[in-house]
Every structure is written in structure tokens, then in C-alpha cells.
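The values are calculated or read from the model by the stated rules, or taken from the named source; none is laboratory data. This one's a predicted model, so the numbers in the text were calculated from it and none came from an experiment. Note that each Cβ is placed from the backbone with ideal geometry, even for glycine, and that neighbours are counted across all protein chains shown.
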Amino acid sequence: MNKEVIVANKNKFIELLQSTGRKGVDEMIAVLEELGFFAAPASTRFHLSYEGGLLEHSLGVCRIALMVRKQVLLVRPELEPQLPIESVILTTLLHDVCKAEVYKRAIKRRKNERGIWEDYEGYDVDYSDFPVGHGEKSVIVLLQSGLELTKEEILAIRWHMSAWDLPFQSYELMGSLNAAREKTPLLGILQAADGLSANVLETK
């Protein structure tokens, strides 16, 4: 991705994050810099697998979630106290903090358009530094940075992968996921926006 686009996206991300006025935001931004969040890819090969891809994905999820929130409140205005704008911004921008640091540059092989194998620079995944799980890691990193999160925000970030992240299809964790869905509509909005961004907005 063009360096100028990455800088513009980073400035927009920081502006949105600071607009929440949440205690610990500035410290969180410093942690993101240290983790290499703003330069990280969103995946190894599935979506936005290039420098700045994670930043682009996070902004896309935020954009969609704010639109979804607006439409939801037209139908269910009584949900507004459960869907504060700052919570939508925080959870969408920071749900994938767990991906910072895990992508390592590597020389990989693929077939080109003529069917010939060639080397290219891509990414491998290394979870060895802090192998605690996807949503769990994001929550832990955010809390350790000093960012204040509500219980609903923690639930939304922890469970944003839905059943895709349930180890061995645990009945206990499935029960926790269902309970989290019932507790806050923020989780449903984050899940929907994450899926729409990855599978619609980010497709070629």
C-alpha cells in the first residue's frame, strides 16, 4: 500500500480513537506504535495481506459499524443507551489488536498467471510470543495498556469471532458466547461489521 495512504489512514484512526475521550487512549496509541499495528497486514493471504492492511481493515469495520448502528436505531431507538458511539468506535478500531506482532515477513511460493511457481515476499504467522487466543489477546493487550473498557466492550471484543474461535467446540464457551450476545447488542454489530468489511468491502 502507498505510504501516503497508510499515513492518512493512521491519522484518521487516531482522530477517531481520540474522539471517544476515553481514559488511556493516548497510552493505547503509543502501545499500537510499539507493536507495529499501523504497518501490520490484516492476514497472511485472505484479506488485506499487505503493509497497512490491518489499519485499513479496522477503519473499514468502524465505518460499517457506525452505519449499521444508525440503521438499527431507526428500528430500535430504545437500544441507543446500549450502543454509545464511543463504544462502537473503540471496539471496531481495536478488536484486532491481537494481530499486531504476529505476522512475520517470509519468502513464499505461488503459481503465477502462467502456472509457473515463483517466489514472493509474504507473511507467516507466529503466535509463540503470547498464545492466549484471538479475542482474549486483544482484550488483555488493551487493558494492560491502561485503556478503560466497559464490560460490554470487553464482551464484544472477546467474542467478535463468534463460534469460529471456539476451541474444540466447547459447550461451556458456546454458552458464554450466547450469554454475551444476549447481554449486549454491541457484539452483534461488531461481528456483522467485521464480516462485511472482510468479505464485501475488502474483496477485489
Segment 74-105 - residue that is touching a strand residue (DSSP E or B) at 6+ places or on another chain (Cβ under 7 Å) and among the basic types (Lys, Arg) and, of those, nearest to Val139 (Cα to Cα): Lys104
Search segment 21-41 for residues that are small (Gly, Ala, Ser) and pair each with any residue that is exposed (fewer than 14 other Cβ atoms within 10 Å of the Cβ) when their beta-carbon atoms are under 7 Å apart and the residues are at least 6 apart or on different chains. Gly24/Glu148
Please pick out the residue among Thr92, Thr44 that is among the polar types (S, T, N, Q), crowded, with 20+ Cβ neighbours inside 10 Å and either within 21 Å of Gly135 (Cα to Cα) or at pLDDT below 90 (or both). Thr92
Considering (1) touching a residue at least 40 places away in the same chain (Cβ under 8 Å); (2) surrounded by 14 or more Cβ atoms within 10 Å (Cβ to Cβ), say which one Val5 fails and leave the rest. (2)
How many residues does segment 174-204 hold that are β-branched (Val, Ile, Thr), surrounded by 14 or more Cβ atoms within 10 Å (Cβ to Cβ) and not in a helix (DSSP H, G or I)? 1
Note: among Glu101, Glu152, just one is at pLDDT below 85, surrounded by 13 or more Cβ atoms within 10 Å (Cβ to Cβ) and touching a Leu at 6+ places or on another chain (Cβ under 7 Å), namely Glu101
Are there any pairs, at least 6 apart or on different chains, whose C-beta atoms fall under 7 Å, with the first in segment 166-186 and at pLDDT 85 or above and the second in a loop (DSSP other than H, G, I, E, B) and surrounded by 12 or more Cβ atoms within 10 Å (Cβ to Cβ), and if so, which? Ala180/Trp159; Pro185/Leu83; Leu186/Leu83
